[in-house]
Amino acid sequence: MEVTQRELVTMIHGMLFGGFFLLALFGVLVLLLDGNSPDATPNQTVPRWQNIYFIAMVIVGWAAVLSGAYIIYPWYRAVAPPGVDLVLYPKFLLTAHSSTAGWHNFGMEWKEHVAWIAPMSSTMVVWVLMKQRAAWNAHRSVRSTVLGFAAIAFLAAAIAGGWGAMIDKKAPVEGGAAIQLMGSTR
Amino acid sequence: MTERKLVPQNPANGPVAAAVLACGFGCFMLGVLAVAGDGSKSFAAALNFYNPTGPLSGVTTTAVALWLVCWVLLAVRWRGKSLAFGRVSAFAFLFLALSLLLTFPPFGDMMLGR
């Protein structure tokens, strides 16, 4: 059972960083919805596990966009030399045909920018939850605003993750050394 | 005897307002730079901070830098103060909504007259 080096890095970017970030952000949304309800009891101190959870979420969020922009995107957009098989050049593979060009011109163009809204917003949300808990407890408007930003962060991450998965299905980022994950049975 | 932390009844919302507005502004600048880079070849070349990534490197690095600088400046200005949070929040959400629009390719193309 083999994967190429680029496939493995793409999996780490999308399924580990991106997937964990989306899951964790959804958990924070539930936490914020609970804290925003009228019968919520103010919690002046943040439990230690929550701090660790928040920090881990922000780290995987930034890891997702940084690995996407600086490792995978250069492989995706690399310029194909004339006459070469386009399978190693996903952007050129997609834009070579009008029936698939939209995956790049719409999907990738949207994903590559909107994705960054998610870690920026979630960093702010986590900072308020960890460092401004008194203001968060005291003002309902603060809680509602933070909840709104967390919801937009989730939306942005879902758009980016969804398009990333679909584009990689249509024109996978491939290449590099083969890595043996498990021995074959035959 | 359990120790209880004394928490002010009405803590200042200035630091939160600074964080929220700066975040909205940073996201908005991301959208503005994305559209500007798409619309002008010379601007895209100026944003090409890291050649393998192309103009995306400059768009995102500049937006993140502007967000952090704005956050620090507003945090210093609004430290210990209480503001009309509703207005700050409205501006922040306006910026955020515009950022979502500007990063949506059909809207960016419309802005560029394509």
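No lab work stands behind these numbers, since they all come straight from the coordinates. Fair warning: this is a prediction, and the values are worked out from it, not measured in the lab. Quick reminder, even Gly has a Cβ in these numbers, built from the backbone with ideal geometry, and neighbours come from all protein chains shown.
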Q. What percent do you get for the relative contact order of chain B when only Cα pairs under 8 Å and 6+ apart count?
A. 42
(Q) In whole Hz and in residue order, list the ³J(HN,Hα) couplings for the range A:70-78 that follow from phi through the Karplus curve 6.51 cos²θ - 1.76 cosθ + 1.60, θ = phi - 60°; x for Gly and Pro. (A) 9, 10, 7, 4, x, 5, 5, 9, 3
Q. What is the helix-to-structure angle for B:55-77, meaning the angle in degrees between its Cα long axis and the longest Cα principal axis of chain B, kept from 0 to 90 and rounded to the nearest 10?
A. 30
Q) For the protein assembly as shown, with the dipole built from +1 on Lys and Arg beta-carbon atoms and -1 on Asp and Glu ones, taken about the Cα centre, which of A:A138, A:N51, B:F104 lies farthest toward the positive end? A) A:A138
Q: Starting from the eigenvalues of the Cα gyration tensor, five times each then square-rooted, give me the equivalent ellipsoid semi-axes of chain A, largest first, whole Å.
A: 39, 19, 12
Q: Check the straight Cα-Cα distances from A:K170 and name the lysines below 30 Å, setting aside those fewer than 8 residues away within the same chain.
A: A:K91, A:K111, B:K41
Q: Let me have the relative contact order for chain A, percent, based on Cα pairs under 8 Å that are six or more residues apart.
A: 41
Q: Would you pull out the residues with amide H under 5 Å of B:L83's amide H, same chain only if 5 or more places away, H placed 1.01 Å from N?
A: B:N13, B:G14
Q) Helix A:48-67: angle to the longest alpha-carbon principal axis of chain A, degrees 0 to 90, nearest 10? A) 30
Q: In whole Hz, with x marking every Gly and Pro, tabulate ³J(HN,Hα) for the range B:31-39 from phi via Karplus 6.51 cos²θ - 1.76 cosθ + 1.60, θ = phi - 60°.
A: x, 4, 5, 5, 5, 4, x, 6, x
Q: Could you please state, rounded to a whole Å, how far the C-alpha centre of the range A:89-104 is from the C-alpha centre of the range B:38-114?
A: 28
Q) What ³J(HN,Hα) values, in whole Hz, does the Karplus curve 6.51 cos²θ - 1.76 cosθ + 1.60 give for the range A:8-20 when θ = phi - 60°, with x put for Gly and Pro? A) 5, 5, 5, 4, 4, 4, x, 8, 7, 5, x, x, 5
Q) So, by mean Cβ neighbours within 10 angstrom, what's the order for A:155-162, A:104-111, A:29-36 with the highest one leading? A) A:155-162, A:104-111, A:29-36
Q. Long-range amide H contacts for B:Y50: which residues qualify at under 5 Å (H placed 1.01 Å from N, peptide plane, sequence gap of 5 or more or a different chain)?
A. B:S57, B:G58
